[in-house]
Structures are given as structure tokens and as C-alpha cells.
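The next block holds one structure in the form of C-alpha cells; read it before the comments.
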Amino acid sequence: MMISGVRRLRVLARVMPTWKFLCAIGFFCFAVLGALALPFTGIGFPATITYTGLALIPVLYLLAVDRKHSRATEQPHLGRNPIPLGILIAITLTFGGAFLGDQRQPSRAPGTVMPNLVGMELSHAKDLLRDLELDTATHDDTGEQRHVWVDSNWTVTSQTPSAGTTLADLDKAVLGVIKTGETLRAGAPVTTDLPTVAPTTTPPTFSTTPTSTAATEQSLPTPPHNACLLIDPDALTAAHMSDELEQPLTDHATPNSNATYACGNDLSEVAIEITLHPNEQDAAASAEYATRPEILTDPYTPFTHATRIPLRTGAKVIATNTGVSRISWSHGLYSILLEINSDPVVPGLTPRHPDPTIDRLAEAIIDRTDQALTHNTW
């Protein structure tokens, strides 16, 4: 039967347009590999069911072409037409697997409780929640509705559910955050009455002036800039990353926060965030804190085996073993935070993003950014 199937494929390869035949075979291989691999990634066996259903689609298409060719050449075709039943089975498996995935209960141990995340860097908090099979939603605890672009530039100040709550079948946690180094103004809304827990290393304190709630919500004049002009698409291509950039983002300055500009590519492999500070000392302090040496010894960060290369201010922290690298530096009144998410380097396999590749990408973005900031061409 297998030999007969191979013969029929050879016939189809001759009679079908090459691109259609290759697309069908490629889609089949993609779906089969997904069915085999996804259960081991933590997604679970519902994904196997869905991808098995998807694998049937190109098989049914090739069967239909084969039957049409047989009729056209007046060749005998044994058996009843299996395509209608196959379509029903493919639909059932595809949507049934997706349904089972939605209904899947968390596999965490009964009695698991919510940890205290207040005072923790947002990226670390998200990692802990991911281990607990919880999705994460965030909001700006200053009430200014700023966007979270680079997680490592934010600190958790409130959480729902509160620490110690039994998670049961909960699937989502909400975290209130502020920019690292900021302090909550009096009367700022929070979602929990947990006490604030100080980070292991005290962040730099930036000068702020107390203001009323009404004044805080008012945006201050913010210079127009496009952070996407700081990322060179050619450098992304050379680093084997997507060169498609998202729309640039601007958070306007208020009496209680600095202006921030951000951009990243469409696959979230690269993200850059530029913050305008009131003075160069604050900018340098922010850059130094983002890549401080202590993050290489903090067990909650992905940088425990990273390479740290100091810059004039800040540093390049490249962790190819986890695929998470962070670069920070300052330029005049601006502090810049660059994060690169790459494929982890696995011993024994050809690396797609080795250390030199990530370092070259970082240097290209650093040079382009410094040039743009010097000449104000962004």
C-alpha cells in the first residue's frame, strides 16, 4: 500500500503545477512536525489533535486531484470516495483540539498560591507567572495609561490576586506597574493593599516634583521623534531576524513621568525604548541600573550565565544560552534600553544567533542611535 501511495505521488508530481504540489507536501510536513513536537513544548496534547486535523487537509487535496486525474485518464479507481468523510474528520479534529485546549485545566499542584510580586521587575514577575500557567495583564499604576513596551524597564507595584491567594483554576493575573526608579504619587490607584517590597538593588531615584492629580494627567510638550528610525532593517536581516517594524510609540511627558519613545519588530525579537530625562545624570543613572552587574547573579533573571561588556554608561548583557540580551546606555539627556530576543544556543546544534551575531546587531543599533541622537535625525 505504501509503494502504491509513493507511485501515486510521483504521478501527481508530474501532472500538478509544481508550486501546488510542493505547497501541499510542505503544509503536510509542517502539520505533522507540529503534531509531534508541540506536546513537548508545554502546549499539550490538544495541539496534537489540532495539527493532526490540519495534516489531513493536504492529504484530502491530493486525493481529490488524484481521483480527478484518474477520471480524466479513464483509469479504474477502486473504493468509495473517502473525501467527504475525511473533510468531516479533519474539521472535527482541528476544532475539537482547539476546544479541548481552551478547556484544559492548569496542571499546577493543588493549593498553589500566588507569590508576592510587588517590587519585582516586570519581566521577572511574568516569568514566575508563566511557570504558574498564568497569563499576565498590566496597567500603569500612576493612572497615566502609559504603554509597557520593554518589560525590564518597569517594576510591579500592585497585583491581583494578592499574595497568598490560592490560585485554584485561575488563568490570569493583573499587575500594576510603574517605570523603574519612579515612585507612586499620593492618591495613585492600586489594585491591592500589599506592602511594597523593595528590590534587591535600590533603583536610582530621579528628581520629581509633587503635583496634583489633575496636573499629573496633563501631558507636557514632547518633542516628536520616531524610534523606529533607530533600528536598521539591514542589520536585522543580517542577524536572521524579521526586518518588519511595528509602528513607533510615544508616551508623552507629564509632570510625574518622562517622555518615552519605543519601537520593535513584528516578531518581538528586538525592542528599543528611549527615555528623555531632565538631566544627563538621571539618564546615566537609568542606563547603569538597567544593566547593573547584580542581574548576572539574580536567580530570577535570564542573565545568570550572560556575558557583560561595560559601555561608557550601562553595558551589553548578552545571554545566548537563554536567548535574552539587554543593552543599555545613555546619550546626553536620553537613556536607551535595547532588548534582543533570539534563539537560544543549544550545545551540539548549529546556532542561529550566536554571541557574535547578537553583538554585531547590538553595535549596529548603538551606532545608528548615537548618530541619530547627535544629529537629531529621528
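The values are calculated or read from the model by the stated rules, or taken from the named source; none is laboratory data. Note that the structure is predicted; figures quoted are calculated from it, not measured. In this analysis, Cβ positions are derived from the backbone assuming ideal geometry, glycine residues included, and neighbour counts consider all displayed protein chains. Note: areas computed on protein heavy atoms with side chains; ligands, DNA, RNA excluded. Shrake-Rupley method; radii C 1.70, N 1.55, O 1.52, S 1.80 Å.
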Handout entry: Matching residues, the range 267-312, being touching a helix residue (DSSP H, G or I) at 6+ places or on another chain (Cβ under 9 Å), among the acidic types (D, E) and under 17 Å from D370 (Cα atoms)
Key = E273
Completion exercise
Reported set for the range 331-341 where residues are in a strand (DSSP E or B) and either in contact with a strand residue (DSSP E or B) (Cβ under 7 Å, 6 or more places away or on another chain) or more than 15 Å from R312 (Cβ to Cβ) (or both) is Y334, S335, I336, L337, L338, E339, I340, N341
Fill in the blank from the handout: Condition set among the charged types (D, E, K, R) and part of a loop (DSSP other than H, G, I, E, B), scope the range 276-298, selection surrounded by the most Cβ atoms within 10 Å (Cβ to Cβ): answer is R292
Problem - Any chance S242 is more than 15 Å from A364 (Cβ to Cβ), open to solvent by less than 50 Å² (accessible area, probe 1.4 Å) and without any contact (Cβ under 8 Å) to a residue 40 or more places away in the chain - result: yes
Exercise for the section: Within the range 154-182, count every residue that is over 10 Å from D141 (Cβ atoms), in a loop (DSSP other than H, G, I, E, B) and modelled with pLDDT of 65 or more. Expected result: 11
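Residues to consider are I274, I295; find the one that is at pLDDT below 90 and either touching a Cys at 6+ places or on another chain (Cβ under 9 Å) or within 27 Å of M241 (Cα to Cα) (or both).
Of I274, I295, the one residue that is at pLDDT below 90 and either touching a Cys at 6+ places or on another chain (Cβ under 9 Å) or within 27 Å of M241 (Cα to Cα) (or both) is I295.
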Handout entry: Residue within the range 299-310 that is over 25 Å from R130 (Cα atoms) and surrounded by 20 or more Cβ atoms within 10 Å (Cβ to Cβ) present
Key = no
Exercise for the section: Might you check whether a residue that is polar (S, T, N, Q), over 20 Å from I231 (Cα atoms) and under 25 Å from the mean Cα position of the chain (by Cα) occurs anywhere in the range 350-370? Expected result: yes
Exercise for the section: Out of the residues in the range 135-167 that are among the hydrophobic types (A, V, I, L, M, F, W, C) and crowded, with 19+ Cβ neighbours inside 10 Å, state the one that is farthest from A271 (Cα to Cα). Expected result: L167
Completion exercise
The condition from (1) at pLDDT 90 or above; (2) outside any loop (DSSP other than H, G, I, E, B) that A214 misses is numbered (1)
Exercise for the section: Select from the range 347-365 the residues that are open to solvent by less than 60 Å² (accessible area, probe 1.4 Å) and in contact (Cβ under 8 Å) with a residue 40 or more places away in the chain and list them in ascending order. Expected result: H353, D355, T357, I358, D359, L361, A362, A364, I365
Fill in the blank from the handout: For the range 92-126 the number of residues that are modelled with pLDDT of 75 or more, surrounded by 12 or more Cβ atoms within 10 Å (Cβ to Cβ) and not hydroxyl-bearing (S, T, Y) is 16
Problem - Whichever residue in the range 324-341 is crowded, with 21+ Cβ neighbours inside 10 Å and touching a residue at least 60 places away in the same chain (Cβ under 8 Å) and, among such residues, is nearest to R292 (Cα to Cα) - result: R326
Handout entry: Among (1) assigned to a loop (DSSP other than H, G, I, E, B); (2) surrounded by 19 or more Cβ atoms within 10 Å (Cβ to Cβ); (3) not β-branched (V, I, T), the one test that P344 misses
Key = (2)
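Take T180 and decide whether it is polar (S, T, N, Q) and in contact (Cβ under 8 Å) with a residue 60 or more places away in the chain. Explain how you work it out, then say what you get.
On the way: polar (S, T, N, Q): yes; in contact (Cβ under 8 Å) with a residue 60 or more places away in the chain: yes.
So T180 passes the test.
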Handout entry: Which numbered condition I89 fails, given (1) in contact with a Ser or Thr (Cβ under 8 Å, 6 or more places away or on another chain); (2) modelled with pLDDT of 80 or more; (3) not small (G, A, S)
Key = (1)
